[in-house]
Amino acid sequence: MTAFLVTIAVLATALIILILVTRTTLTASHRHRETSVSLTIANCGFKTYLKSKRFGLILAGRVFLFGPRKETTRAKKETTPKTKPPKKKAERKLSYSVWINIIKAATLFTGRILAAVEYEGGQFQARPVISNPALAGMAYGWGQAFYGVFPGLRRKVEVMPAFNGGEGNWSGHLTVSIRNRKIIYELYRLAMDLPIVEIIKQKFFKRGA
């Protein structure tokens, strides 16, 4: 029993250290008319596909996908006489000063998190279709001249008009990350900024009690 507890403690400690020294990475991608979003910590996390509504688990960099849930036919509900729902107790509302402090704390937390987010990489490619050949040629020429002045920008943003018919398309990806210890520290600061005592008093205790 002691060895088991020691093993659990060692694993828990290793997990905490791993979380503290790693980053949370968010990647959004759009390819082949499918948009995906993944959130990982140390190459483990989840990934979702918005169009196909598929969900996947990421383990050591590998993605294990699961299909969308099959819709089952719902059985017909038996008609029962309607009964009046029980009256709900009036919820105690928070004062305006508490709401102002909550909004202030949430705004500061959001700003600190966004300031700590680091750009890891990204690329955007667009293939707009221009039916007029003359306009397409002019757009192509302007694009080449622009990339001639800023050659490094082509690795980030590339817009190439299509001369033939069909539908235009675009693709791209964006990856950002933030240190996990920064998230934990900002959550602690958020807890300190929130008027938790006032919220508990106004929500769960009667005034003047």
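Out of the stretch 43-60, which residues are within 24 Å of Arg179 (Cβ to Cβ) and open to solvent by less than 50 Å² (accessible area, probe 1.4 Å)?
Of everything in the stretch 43-60, those that are within 24 Å of Arg179 (Cβ to Cβ) and open to solvent by less than 50 Å² (accessible area, probe 1.4 Å) turn out to be Gly45, Lys47, Thr48, Ile58.
Which of the residues that make up the stretch 107-118 are more than 13 Å from Met192 (Cβ to Cβ) and in contact (Cβ under 8 Å) with a residue 24 or more places away in the chain?
Result: Ile113, Ala116, Val117, Glu118.
With respect to Gly143, is the statement that it is open to solvent by less than 90 Å² (accessible area, probe 1.4 Å), under 31 Å from the mean Cα position of the chain (by Cα) and within 19 Å of Gly172 (Cα to Cα) true?
Judged against the criteria, Gly143 is not a match.
Looking at Ala136, is it in a strand (DSSP E or B), open to solvent by less than 50 Å² (accessible area, probe 1.4 Å) and in contact with a Phe, Trp or Tyr (Cβ under 6 Å, 6 or more places away or on another chain)?
Answer is no for this residue.
Pull up the stretch 124-133, narrow it to residues that are open to solvent by less than 80 Å² (accessible area, probe 1.4 Å) and in a loop (DSSP other than H, G, I, E, B), then point me to the one that is nearest to Ser29 (Cα to Cα).
Pro128
What pairs come up if the first residue lies in the stretch 9-20 and is assigned to a helix (DSSP H, G or I), the second is open to solvent by 70 Å² or more (accessible area, probe 1.4 Å) and of a type outside the set (S, T, N, Q), and their beta carbons are under 7 Å apart, counting only those six or more places apart or on different chains?
Leu20/Arg181
Against the condition touching a Gly at 6+ places or on another chain (Cβ under 7 Å) and modelled with pLDDT under 80, how does Ala90 come out, does it pass?
So Ala90 fails the test.
Report the residue count in the stretch 163-190 for those that are part of a helix (DSSP H, G or I), open to solvent by less than 40 Å² (accessible area, probe 1.4 Å) and out of contact with any Phe, Trp or Tyr (no Cβ under 7 Å at 6 or more places or on another chain).
Going through the stretch 163-190 one residue at a time, the tally reaches 1.
Filter the stretch 146-162 down to residues that are hydrophobic (A, V, I, L, M, F, W, C) and assigned to a helix (DSSP H, G or I) and give me whichever is least open to solvent (accessible area, probe 1.4 Å).
Looking at the filtered set, the residue picked out is Leu153.
Can you name the number of the only condition in (1) in contact (Cβ under 8 Å) with a residue 12 or more places away in the chain; (2) over 28 Å from Ile200 (Cα atoms) that Leu135 fails?
Failing condition for Leu135: (1).
Being open to solvent by 60 Å² or more (accessible area, probe 1.4 Å), under 22 Å from the mean Cα position of the chain (by Cα), on the phi < 0 side of the Ramachandran plot and in contact (Cβ under 8 Å) with a residue 40 or more places away in the chain is the requirement here; does Glu198 meet it?
No.
Are any residues in the stretch 31-59 in a strand (DSSP E or B), among the charged types (D, E, K, R) and over 11 Å from the mean Cα position of the chain (by Cα), and if so, which ones?
Within the stretch 31-59, Arg31, Glu34, Arg54 qualify.
Just one of the numbered conditions (1) surrounded by 14 or more Cβ atoms within 10 Å (Cβ to Cβ); (2) under 30 Å from Asn43 (Cβ atoms) is not true of Gly121; which one?
Failing condition for Gly121: (1).
The values are calculated or read from the model by the stated rules, or taken from the named source; none is laboratory data. This is a predicted model, so every value here is computed, not measured. Quick reminder, even Gly has a Cβ in these numbers, built from the backbone with ideal geometry, and neighbours come from all protein chains shown. Accessible surface areas use protein heavy atoms only, side chains included; no ligands, DNA or RNA. Shrake-Rupley method; radii C 1.70, N 1.55, O 1.52, S 1.80 Å.
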